[in-house]
Structure formats: structure tokens, C-alpha cells
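Some notes on the structure that comes next.
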Amino acid sequence: FIVKEPEHKWENLAECHELYCAGHMLEAAVALKEYAGDGRLLGIMEKKVALIDSLFGPQEGKLRGYPGHQEIELALVRLYRMNGNRKHLELASFFIDERGREPLYFIREWEKRGRRKFWDASNYEDREYSQVHLPVRKQEYATGHAVRAMYMYCAMADIACETGDESLAAACRRLWDNVSGKQMYITGGIGSSAHREAFSADYDLPNETAYNETCASIGCAFWAFRMLHLDMDGKYGDVLEKQVYNGIPSGISTDGTRFFYVNPLQVGPVASRNRADHSHVKTERQQWFGCACCPPNLARFFASIGQYVCSCDDDGVYIHLFEESEISVDIHGTAVGIDIQGNYPWEGTISVSLHLESEARFLLAFRVPGWCKAWSLRINGEPSSPPLEKGYAKMQRNWKDGDRLELELDMPVTLVRSHPLVQENIGKVAIMKGPVVYCLEECDNGKNLSGVSIQKNPRFTEKWISMGTNGKALTLETVGSSLAGTERAELYTLYSSGTIGKPLLFIPYSMWGNRGGGEMRVWIREGC
């Protein structure tokens with residue numbers, strides 16, 4: 001706007017991204033100050049926030065608008081947590097609470113512009129697209145553009161945490177149950193529809209036409225972490241883990257130079273990929289995009305992965321992820337170091353060492369993943385059976401320097417089935433080992449993967465293989481079968497084609513597409 005249309009600032013919040021871009025720049029400024037101690041950009045952005053605050057709000061003479069694409073709300077809360085200025089929290093709350101109120105602001109500003117649109121495809125009647133169909137506290141299910149929804153839900157959870165607003169927290173929990181229970185792929189992907197990059201309907205989870213924008217998975221991880229602070233429940237940590245090992249890394253190549261914007265769970269033969277409704281699906285990651293939101297979002301997520309490993313409260317420390325880490329926290333004035341070691345997610349043995357200046361009593365809690373059906377714990381070599389509360393094994397005791405814990409998570413290969421209402425997956429299974437979702441690729445298993453089936457009680461062997469530049473993965477081998485007769489010309493016949501025994505090799509879904517293009521699928525037909 002400074003360069004192109006300075007006279008039209010703040011006139012098209014619905015379509016243009018003034019507040020969205022300001023939010024990202026503000027988050028960058030806060031991060032630069034937090035991690036590098038450089039406050040120059042923060043000083044500039046504080047002036048920008050003061051300008052926005054002078055323009056927007058419920059007061060007489062101010063605009064009662066809000067961003068078409070949510071983001072600034074997260075940034076304002078982050079700024080509030082840095083400087084304690086409650087005006088920033090109040091502005092974030094205003095942007096959230098104003099959404100969906102009648103008369104709708106987006107319609108009013110559109111009428112004021114003489115119904116002039118920035119994008120020809122914009123549809124002001126589609127209120128769900130930007131989550132303005134209802135005030136946020138009344139929304140019952142996730143709808144509209146998936147990334148916008150994730151950022152809004154993040155802000156709602158943040159504000160509920162800071163203010164104790166129970167009605168906002170209740171809306172977060174209700175929306176969470178809908179997303180995680182009815183609109184999420186096994187990989188963590190969300191936003192199944194390529195049309196408007198959006199949620200579609202409960203249990204509508206097509207595999208080959210799935211959209212699953214990388215930014216949506218990242219936004220979901222942000223939201224899961226915030227829900228943990230709203231309510232320390234392992235179900236949120238389970239989704240965070242699902243995204244960390246499946247939905248998010250699928251968006252980037254093993255050498256870190258190429259990217260997926262879209263993350264399908266199935267890629268068919270060339271003929272089907274050439275259809276117009278499959279045009280958004282790529283079989284090889286791209287170097288860049290015209291709308292390049294995903295690559296920098298991946299960069300900031302992986303650069304900040306450490307902050308998602310654990311949380312602290314007045315009682316102690318909660319371990320959410322089992323990344324190899326060196327953690328330093330202050331608990332009741334005592335400096336505590338926590339070292340996490342292991343080969344997770346490939347193996348279920350996790351070792352934790354404590355380093356304390358002096359003996360201290362506090363809570364140490366580990367998330368026991370929802371997929372784990374058997375686990376054990378030793379403290380300094382002695383078996384321990386702490387209570388499991390909301391998915392966390394909790395130990396409140398006097399800890400001393402050198403204490404060592406060994407957590408053993410049973411991690412067999414498992415076959416997973418969908419809810420029967422996910423029609424495309426009826427009669428099919430997905431393969432998981434621990435939190436990792438696996439898939440078949442053409443380069444290992446040949447063409448026509450739609451005809452492949454797996455035995456009902458398969459036995460797997462494990463093998464490490466190279467997965468492109470800098471990539472290495474634990475793969476799973478078993479024996480299945482493939483339909484015969486795929487080479488015939490007739491579309492229909494009066495006889496069964498039979499099956500042929502076939503060795504199968506499964507790779508982690510997050511690493512597909514690193515060895516060239518071709519077919520891929522997560523859900524496999526279950527044989528006899």
C-alpha cells in the first residue's frame with residue numbers, strides 16, 4: 001500500500017493482507033529481540049502497533065474491522081507477553097470478538113468501495129471462508145480456509161489463557177474436538193478441499209485430492225501447543241507429535257531445498273494426475289511458490305522446535321516431545337537442567353538426566369503417547385509406576401543432581417483403520433510404528449499401487465535405507481499381494497483376475513517424494 005495505493009490503506013481488510021503482514025512482521029520483531037537481543041525492528045513495529053491501535057477498536061470514531069486473514073492476533077499476544085502492555089492484549093481480543101458480528105464489517109467496507117474487489121474470485125457471501133459466519137464463541141465446527149482458522153484458534157486459546165475467559169476456552173475445546181475427531185487426516189493434515197484451501201465436511205477426507213496445506217499443519221501444531229497451556233491434556237500433545245513427525249516434515253525435502261505446498265495421502269498413475277481436479281497435487285517438491293507462505297513457515301517452525309519440547313508451570317515441568325534436548329529451566333528459584341537422549345521416533349527408549357544446583361522438590365511429568373499401549377519407567381535403575389493423568393505420567397518428589405530416568409515406550413508396528421464414515425478408506429488400513437505414519441512409493445513397489453493389498457496379520461522386518469540427500473529412514477518390509485490383470489485392455493470382465501504375491505516396502509510418509517515422482521499411497525487394501 002505504501003508504494004501502490006497509499007490513499008487506500010485500511011479500505012479492504014477482507015481481501016488484502018495489511019494486518020496479516022503486520023502480524024508476521026511483529027512476530028519477527030519479537031523473536032529477534034527474544035533470541036538475538038536486537039530491538040531495532042521491535043521499536044519500528046511498536047510504532048506500527050500504536051498506529052493500528054489508534055485506528056481499530058470499539059471506541060467512537062475507530063474502525064470496527066478485523067483481518068480477513070488472521071495472524072496479527074497471535075502477534076499482539078506475543079508482544080503483550082514480552083512487555084506487559086495490556087493494550088496489546090485488548091486489541092487482540094477486540095479483533096477476535098468483533099468477528100462475525102452483524103452487520104458484517106466485510107460487507108460494509110465492500111459496499112463503501114462501490115463493490116470493488118481486489119480478487120475476481122472473492123465471494124463476499126461465503127462467510128465461512130474467513131470464519132465470520134458466527135461470533136467465535138458460537139462456532140461449532142471448523143470451516144473455511146484452514147490456515148486462517150488455525151491462526152484464529154491459536155489466538156483464541158492464547159487470549160483464554162491470559163484472561164481466564166471460560167466461554168472462549170469452551171469454544172476452543174469444541175472446535176478442537178471437531179478438527180481432531182472428524183476433519184483430520186492420520187498424518188495430521190487438515191483442510192481437505194483444494195477449493196479455497198479449506199475444510200469441507202465431517203469425515204470428508206479424500207486421499208488423492210487432499211489439499212492439506214503445509215502451513216495448516218504448522219498452524220495446527222501452534223494450536224496444539226497453546227491448548228496444552230489451556231489444559232494440560234495429552235490428547236493435544238499427541239496431535240503436536242503427529243504434526244512434528246508427519247504432517248509438517250512432509251512439506252520439505254530431506255536436503256531442505258524443495259517444498260510441498262499440498263500434502264496428499266495418495267498419488268495415482270499419470271493418467272489420473274493429469275486431470276484438472278488433481279492439478280494442485282505435485283509428485284515432486286517445488287523450489288519455490290508464487291505464494292511462498294510455506295517455506296518460511298517451515299523455517300520458523302524448525303528453528304523454534306525446542307520451545308515445543310516442554311512446558312513449565314508453578315508445579316514443575318511437563319515433557320511433551322522426546323527430541324534429543326538440553327533444557328534449562330528455573331523452578332522455584334532452583335536452576336534445573338534436563339537432558340533428553342534417545343533415537344525417537346524410531347525407538348521407544350528415552351533417557352532423561354537431571355542436573356541441579358541443589359536438591360529440589362517439583363513435578364516432573366512425561367506425556368505417554370496415545371498410540372502407546374504398554375510402557376515402563378525406571379528412576380535410578382529402580383522400577384517406578386507413577387500415576388497417569390490425562391496422558392501424563394506424573395512424579396512429584398525430591399530430585400537431586402544426577403538423577404536418571406529411563407522411559408520405555410512399547411513401539412510395535414500397528415495397522416490402523418478409519419471411522420466407517422470415511423468412505424474412501426473402508427476396507428483399507430494404514431501402517432504406523434510409534435508416531436510415524438508409513439506409505440508405499442512406486443520406486444520401491446512398482447506401479448498400480450491401487451491393486452496392492454496387505455495381509456490381515458502381517459509380519460514386518462525393519463531396514464534402514466537412504467532417502468535422498470541427507471535423508472535416512474527406518475523402513476518396514478512385509479509380504480502382500482497385487483491384483484493380476486492390470487495390463488489387460490478391457491475395462492470390465494466376467495472373471496476374477498486373481499492375485500500375485502508381492503513383497504512390500506513401506507517408508508515414512510514424511511519422506512515420500514525424495515527419490516523422484518511416481519505413485520504413493522498411505523491407505524492400503526486389507527487382504528485375507
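Laid out as a table, the results:
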| item | result |
| --- | --- |
| Cβ-Cβ under 9 Å pairs, at least 6 apart or on other chains, region 1-25 side open to solvent by 20 Å² or more (accessible area, probe 1.4 Å), far side aromatic (Phe, Trp, Tyr) and outside any loop (DSSP other than H, G, I, E, B) | TRP10/PHE56; TYR20/TYR151 |
| Meets criteria (under 22 Å from SER54 (Cα atoms) and either more than 30 Å from the chain's Cα centre (by Cα) or at pLDDT 95 or above (or both)) for LYS9 | yes |
| Residues satisfying the stated conditions in region 301-333, i.e. over 25 Å from THR349 (Cβ atoms), loosely packed, with under 15 Cβ neighbours inside 10 Å and within 17 Å of the chain's Cα centre (by Cα) | ALA303, SER304 |
| Breaking point among (1) touching a helix residue (DSSP H, G or I) at 6+ places or on another chain (Cβ under 8 Å); (2) crowded, with 18+ Cβ neighbours inside 10 Å; (3) of a type outside the set (Gly, Ala, Ser), for VAL429 | (1) |
| Matching helices (runs of 4 or more DSSP H) fully within region 164-275 where at least 3 residues are polar (S, T, N, Q) and farther than 19 Å from TYR129 by Cβ | none |
| Residues being in contact (Cβ under 8 Å) with a residue 24 or more places away in the chain and either in a loop (DSSP other than H, G, I, E, B) or of a type in the set (A, V, I, L, M, F, W, C) (or both) - total across region 480-516 | 12 |
| Among the residues listed as ALA155, ALA160, ALA149, ALA194, the single one being out of contact with any strand residue (DSSP E or B) (no Cβ under 6 Å at 6 or more places or on another chain), more than 22 Å from HIS17 (Cβ to Cβ) and either touching a residue at least 40 places away in the same chain (Cβ under 8 Å) or not polar (S, T, N, Q) (or both) | ALA160 |
| Filtered residues of region 283-293 (kept if without any contact (Cβ under 8 Å) to a residue 60 or more places away in the chain and in a loop (DSSP other than H, G, I, E, B)) | GLN287, TRP288, PHE289, GLY290, CYS291, ALA292 |
| In region 450-473, the residues that are part of a strand (DSSP E or B) and either open to solvent by less than 10 Å² (accessible area, probe 1.4 Å) or under 14 Å from GLU526 (Cβ atoms) (or both) | VAL452, SER453, ILE454, ALA473 |
| Whichever residue in region 334-386 is charged (D, E, K, R) and farther than 20 Å from TYR245 by Cα and, among such residues, is least open to solvent (accessible area, probe 1.4 Å) | ASP339 |
| Odd one out for CYS443, checked against (1) touching a strand residue (DSSP E or B) at 6+ places or on another chain (Cβ under 6 Å); (2) open to solvent by 30 Å² or more (accessible area, probe 1.4 Å); (3) modelled with pLDDT of 90 or more; (4) not in a strand (DSSP E or B) | (1) |
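The values are calculated or read from the model by the stated rules, or taken from the named source; none is laboratory data. All values derive from a computational prediction rather than experimental measurement. Please note: Cβ atoms are built from the backbone with ideal geometry, for glycine as well, and neighbour counts cover all protein chains shown. These accessible areas exclude ligands, DNA and RNA; they are computed on the full protein's heavy atoms, side chains included. Shrake-Rupley method; radii C 1.70, N 1.55, O 1.52, S 1.80 Å.
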